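For reference, the structure is listed below as structure tokens.
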Amino acid sequence: MRAGGEGMIVAMDDREVELARALDLPRVAWRTRVASTMDEAHALAAEGAPAGTLVLADMQSRGRGRGGKGWNSPDRGGVWMTLIERPLDASGFDVLSLRVGLRAAHVLDRFAPAPVKLKWPNDLMLPAGKVGGILVEARWREQRPEWVAIGVGVNLLLPAGIVGAAALGEGGERAELLAELVPALRAAAAGRGALLPREMQEFAGRDWARDRRVVAPAAGTVVGISPAGAVLIATPQGVVPCSSGSLVLEGETA
């Protein structure tokens, strides 16, 4: 038994205790199967789970990504996880998914068959397709963030029947990946304010969509991102910053 947040007492089994100790976290909730690690994390956070609580699943039956899109999460086929943090303010929320992507891509480079690129706002890409995704959701109380849940899914094995998916393959081991990915996510969550010049430069080097023609969230050519996290699209009327929506290439289905 060990203490959680706000006086709650939680029980962890041996493997959860071992993983929490290895990752220097206050709590790990390791589930064989859940509907969604994101939903599980929100439930635990509402009960008082402390910052640094990690929800890890072997399998998700209803994993979800941005905009409610489904995420295929086969048994032990990848890393399916959500990290709970409790920031003091929301100054970095607009760019948090990008910061997480930058840190995650740097970690995944060591395990991937090729350098990992970033597709605004939350996709991790390999030449073969999407290898991972990021979902960030906050819960608020009296106009202040009470907690933020950072969900990450990474394919270790290629999911069956998913067009446009990629996987780390033989280069990825879940335990090794977690050991590097979790500290990277915590560091990203600690960031405040707009993207720094070095973060802008790194994103430019990993920008999967730069110079590509898109039809959404505006029609034109992607020319980068802003420090505030908007994607910049060159249109006949000028460069348009878009802060919401998803990039859809010409010829793609939204």
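The values are calculated or read from the model by the stated rules, or taken from the named source; none is laboratory data. None of the values given here were measured: they were computed from a predicted structure. Using ideal geometry, Cβ is built from the backbone for each residue, glycine included, and neighbour counts are taken over all protein chains shown.
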* When both residues are 6+ apart or on different chains and their Cβ atoms are under 7 Å apart, which pairs have a first residue that lies in the range 45-72 and is farther than 30 Å from V163 by Cα and crowded, with 20+ Cβ neighbours inside 10 Å, and a second that is among the β-branched types (V, I, T) and at pLDDT 95 or above? -> A45/I84; A49/I84; T53/I84
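Quick one: would you say L88 is aliphatic (A, V, I, L, M) and free of Cβ contacts under 8 Å to residues at least 60 places away in the same chain?
It is true that L88 is aliphatic (A, V, I, L, M) and free of Cβ contacts under 8 Å to residues at least 60 places away in the same chain.
Would you confirm whether or not the range 127-148 contains a residue that is on the phi < 0 side of the Ramachandran plot and part of a loop (DSSP other than H, G, I, E, B)?
Yes, the range 127-148 contains at least one residue that is on the phi < 0 side of the Ramachandran plot and part of a loop (DSSP other than H, G, I, E, B).
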* **Condition met for A160 (assigned by TED's automatic domain parsing to the domain that holds A46, of a type in the set (A, V, I, L, M), assigned to a loop (DSSP other than H, G, I, E, B) and exposed (fewer than 15 other Cβ atoms within 10 Å of the Cβ))** => yes
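For the range 18-53, which positions are among the β-branched types (V, I, T) and closer than 24 Å to A187 by Cβ?
Residues satisfying the conditions are V28, T37, T53.
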* To do: Could you list all residues from the range 26-57 that are over 17 Å from the mean Cα position of the chain (by Cα) and either small (G, A, S) or within 12 Å of S73 (Cβ to Cβ) (or both)?
  => A29, R31, R33, V34, A35, A43, A45, A46, G48, A49
* To do: Those residues that are touching a Gly at 6+ places or on another chain (Cβ under 9 Å) and acidic (D, E), I need them from the range 104-140; list them, please.
  => D123, E137
* To do: Quick one: count up the residues across the range 81-95 that are buried (at least 23 other Cβ atoms within 10 Å of the Cβ) and either modelled with pLDDT under 95 or farther than 25 Å from R33 by Cα (or both).
  => 1
* Restricting attention to the range 32-67, report how many residues are modelled with pLDDT of 95 or more, more than 22 Å from K130 (Cα to Cα) and not in a helix (DSSP H, G or I). => 9
* Asked: touching a residue at least 60 places away in the same chain (Cβ under 8 Å) and of a type in the set (F, W, Y): does that describe F111?
  -> yes
* For the range 223-240, does any single residue satisfy the condition of being over 20 Å from the mean Cα position of the chain (by Cα), in a loop (DSSP other than H, G, I, E, B) and either in the same structural domain as R76 (by TED's automatic domain parsing) or surrounded by 14 or more Cβ atoms within 10 Å (Cβ to Cβ) (or both)? -> no
* Do we have A218 as in a loop (DSSP other than H, G, I, E, B), of a type outside the set (S, T, N, Q) and over 14 Å from L98 (Cβ atoms) here? -> yes
* Structure fact -> Those residues of the range 121-155 which are of a type in the set (A, V, I, L, M), surrounded by fewer than 19 Cβ atoms within 10 Å (Cβ to Cβ) and either touching a helix residue (DSSP H, G or I) at 6+ places or on another chain (Cβ under 8 Å) or under 24 Å from L44 (Cα atoms) (or both) amount to A138
* To do: For the range 167-190, name all the residues that are outside any helix (DSSP H, G or I) and surrounded by 15 or more Cβ atoms within 10 Å (Cβ to Cβ).
  => A167, L168, G172
